[in-house]
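The values are calculated or read from the model by the stated rules, or taken from the named source; none is laboratory data. Model, not experiment: these values are computed from the prediction. Counting neighbours? That spans all protein chains shown, and the Cβs are built from the backbone with ideal geometry, glycine included.
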Amino acid sequence: MIVQVFTGIVVIYLFSRLIKFGRQYSKWLHLTSKITPLGKIHPFWGHLNLFENMQGYIRAVQDAEERSRIKLYHGWIMFFYPLFGICHPETAKTILKSSEPKPRHTTGGSYRFLLPWLGDGLLLSEGRKWERNRRLLTPAFHFDILKPYVQIYNDVACVFLEKFQSACDSKQSIEIYSLVSLATLDTMLRCSLSYCGRVQEMGKNHPYVDAVHKLANLTIKRMLSPWLFPDFIYGLTPSGRENKTLTNYVHQFADEIIESRREALRANPDLITKHRKDFLDILITARDESGRGLTAEEIRAEVDTFLFEGHDTTASAISWAIYSLAKYPEIQEKVCQELVEVLGERQQLEWEDLNELKYMSMFLREVMRMHSPVPAIARHLTKPVVIEGVEIPAGFVIDILIHAVNHHPDVWPDHMEFKPERFEDEAKLSRDPFSYFPFSAGPRNCIGQNFAMNEQKVMIGSLLKRFKVSLVEGHVYEEFPDVVMRSRYGIKINVEERK
């Protein structure tokens with residue numbers, strides 16, 4: 001009798017849940033019928049069969065842009081859950097102007113899969129915690145802090161260009177993406193953590209760089225595999241076990257650096273006043289209005305976040321900049337000519353030079369438009385929002401495809417042409433300010449964007465002062481987006497010394 005009653009309760013519960021889902025599903029079907037789909041829906045896979053990775057997803061959205069000039073689109077994760085995305089300035093700014101959080105709580109929320117790795121740092125935190133930490137960390141990117149970093153950029157560039165000199169002397173091509181990643185990691189370690197680990201001198205990729213690339217790739221694969229969303233199931237798979245091993249390594253890497261600084265400060269409390277104050281110093285010593293500082297876990301999360309964002313996204317931008325210089329020799333010479341005019345007889349750029357590099361700034365902005373360092377971001381709706389006349393309910397995730405915005409034919413009719421001049425005297429242009437946001441936009445824009453732009457200028461300036469670059473005939477140059485814009489087959493270039 002008890003078994004029968006229990007069975008009846010279970011049946012009633014499951015039936016009620018099925019009815020509730022059926023009603024919800026009917027509403028979703030009605031909602032999505034008002035929005036352009038990514039393509040023909042598969043009865044089981046939804047739209048997942050149209051793409052197996054981020055490259056396929058972005059390509060599907062861009063195809064829909066060309067075909068239908070879409071601003072808002074929908075797709076289905078298998079047959080049971082809709083996704084929504086925006087790819088135009090008019091729709092992007094609706095979300096970016098708001099303070100909606102990153103999708104880290106929903107079952108398929110993409111940022112949730114980054115939490116074990118990056119923790120609750122600025123990238124993923126929300127609400128009062130995000131506001132507090134953003135306020136505490138903003139001084140780390142004041143001009144007075146950034147100014148001395150220019151010499152560090154130059155020092156890093158000197159080591160970086162030794163590899164170019166070797167390739168030049170041997171008359172062999174060189175693959176730059178991995179080298180740039182080592183250089184930007186070196187920069188982040190030296191500038192933000194005052195740590196010089198000679199990472200560029202290693203004969204191969206630093207294990208941290210490899211770990212970051214693998215973690216990013218594993219994250220994207222999980223985002224596109226709904227059966228791996230549950231943490232318990234994912235933890236049992238080879239990918240889940242690899243993810244845990246790599247996450248433990250990057251945490252250990254950060255912890256050792258943090259503990260080394262703590263020990264130095266304990267041994268000599270006056271140390272912090274005797275050298276330039278870096279990002280880690282500010283993390284350790286920051287106090288809010290109540291006198292409370294960051295916990296050890298919070299400090300580690302911010303270090304993990306800045307090591308990843310500060311080296312991987314900038315490595316993407318610099319690598320594609322070098323590719324663009326090699327592909328467009330006439331533009332390369334324009335950038336170089338401006339550099340010569342600014343530097344004169346000097347060999348290295350200084351702080352005061354950076355704002356004088358007008359054409360280089362235009363060039364770098366066009367690089368980040370053509371090859372978006374961060375191809376996509378997302379937000380989680382905490383309240384309903386109306387986009388293109390359609391009300392999307394709270395609880396859904398909205399993908400913001402930066403790369404698709406940067407190539408929308410309504411905004412950039414000649415979007416596949418590389419034209420730095422499109423950013424000339426932008427104040428007089430009629431483009432929507434949300435038509436271009438490589439560092440995101442609104443209240444959650446990138447806190448380190450000035451740091452990144454300055455680093456790019458010094459790295460590219462140092463390169464062009466000594467070398468000419470050109471593409472390698474026969475090599476395939478193909479964008480391969482995951483968390484950042486990578487190159488599927490690397491970026492190979494030929495190097496020639498300037499006379």
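Data overview
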item: Any chance residue 153 is among the aromatic types (Phe, Trp, Tyr) and crowded, with 21+ Cβ neighbours inside 10 Å; result: yes
item: Exclusive hit being of a type outside the set (Gly, Ala, Ser), closer than 18 Å to residue 444 by Cα, in contact (Cβ under 8 Å) with a residue 12 or more places away in the chain and surrounded by fewer than 21 Cβ atoms within 10 Å (Cβ to Cβ), set 89, 116, 82, 101; result: 101
item: Members of region 384-417 found to be over 20 Å from residue 439 (Cβ atoms) and either surrounded by 14 or more Cβ atoms within 10 Å (Cβ to Cβ) or among the basic types (Lys, Arg) (or both), listed by number; result: 385, 387, 388, 390, 392, 396, 397, 410
item: Top-ranked residue of region 433-468 - restricted to ones that are of a type in the set (Lys, Arg) and assigned to a helix (DSSP H, G or I), ranked as surrounded by the fewest Cβ atoms within 10 Å (Cβ to Cβ); result: 466
item: Set 288, 304, 312: member being in a loop (DSSP other than H, G, I, E, B) and touching a residue at least 12 places away in the same chain (Cβ under 8 Å); result: 288
item: Residue match in region 160-175 (condition: free of Cβ contacts under 8 Å to residues at least 24 places away in the same chain, in contact with a Lys or Arg (Cβ under 6 Å, 6 or more places away or on another chain) and on the phi < 0 side of the Ramachandran plot); result: no
item: Where residue 69 falls short, out of the listed (1) touching a residue at least 40 places away in the same chain (Cβ under 8 Å); (2) within 22 Å of residue 395 (Cβ to Cβ); (3) basic (Lys, Arg); result: (2)
item: Selected residue (criterion: farthest from residue 363 (Cα to Cα)) from residues of region 418-432 that are surrounded by fewer than 18 Cβ atoms within 10 Å (Cβ to Cβ), in contact (Cβ under 8 Å) with a residue 40 or more places away in the chain and of a type outside the set (Lys, Arg); result: 432
item: Subset of region 480-499 (residues that are of a type in the set (Asp, Glu) and either assigned to a loop (DSSP other than H, G, I, E, B) or crowded, with 18+ Cβ neighbours inside 10 Å (or both)); result: 482
item: Hey, residue 150 at pLDDT 85 or above, part of a helix (DSSP H, G or I), under 30 Å from residue 283 (Cα atoms) and of a type in the set (Val, Ile, Thr) or not; result: yes
item: Test: residue 33 is surrounded by fewer than 14 Cβ atoms within 10 Å (Cβ to Cβ) and modelled with pLDDT of 85 or more; result: yes
item: Neighbours by Cβ (under 8 Å, 6+ apart or cross-chain): first from region 207-218, closer than 8 Å to residue 246 by Cβ; second modelled with pLDDT of 90 or more and of a type in the set (Asp, Glu); result: 214/242; 218/242
item: Answer residue from region 388-445, given it is more than 20 Å from residue 59 (Cα to Cα) and polar (S, T, N, Q) and is modelled with the highest pLDDT among those; result: 440
item: When residues of region 113-147 are limited to those that are charged (D, E, K, R) and in a helix (DSSP H, G or I), the one farthest from the chain's Cα centre (by Cα); result: 144
item: Candidate set: region 45-66, residues that are touching a residue at least 60 places away in the same chain (Cβ under 8 Å) and under 15 Å from residue 478 (Cβ atoms); chosen: the one farthest from the chain's Cα centre (by Cα); result: 62
